[in-house]
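Working notes for the structure below.
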Amino acid sequence: MHNMKTKFSAMTTALTLLLAVFFAGFLTGCEDDNGGTTPAATTQTEMLVGNSWRVSRVATPDGQTLDRNRLNVATQVLYDLDMQFRTDKTVRAVDKGTKQVINGGTWELVDDNKAIDVNVTGFKGKFPIIELTRSRKLILRQQAPVDGKQADINLEFDPVL
């Protein structure tokens, strides 16, 4: 019984850290598919809430794919979660296998729609958006351990259909 509690506690901690890592990845800039100006808040909201988002690849800023075994546990767990931004301004991290909500909170577009303000259990902050396109691709940059050393990485999300 104690071992099960320890595993649950470790999993909860890892998943909370995971959601924090996800939101810490947002960087500056946002453009439409044609390289134009930042879309209106309504359009961005529609793109964010139109579907769940799942990490499809983690790469270096120059596009080289990083093997999972080079990433820390919190980043690896992102592959197993679907991120859901909802129209009621809540955000949820859902286990893609069990469909259980692991963590959640609220979100809001701010700073002329160039950042997202997130308030999640155990984590809060305002994060600039690097890319959110009409093609429904979401790419976020963050600092995370790679081979045990902090490095810039790109989290590439695809829509979950």
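The values are calculated or read from the model by the stated rules, or taken from the named source; none is laboratory data. Every value quoted in this text rests on a predicted model; they were computed, and no experiment measured them. Positions of Cβ are backbone-derived with ideal geometry, glycine not excepted, and every protein chain shown enters the neighbour counts.
Some notes on this structure:
- Hits in the stretch 115-125 - residues which are at pLDDT below 80, of a type outside the set (A, V, I, L, M, F, W, C) and out of contact with any helix residue (DSSP H, G or I) (no Cβ under 6 Å at 6 or more places or on another chain): T121, K124, G125
- Listed conditions (1) outside any loop (DSSP other than H, G, I, E, B); (2) closer than 23 Å to V146 by Cβ are all met by P61, apart from (1).
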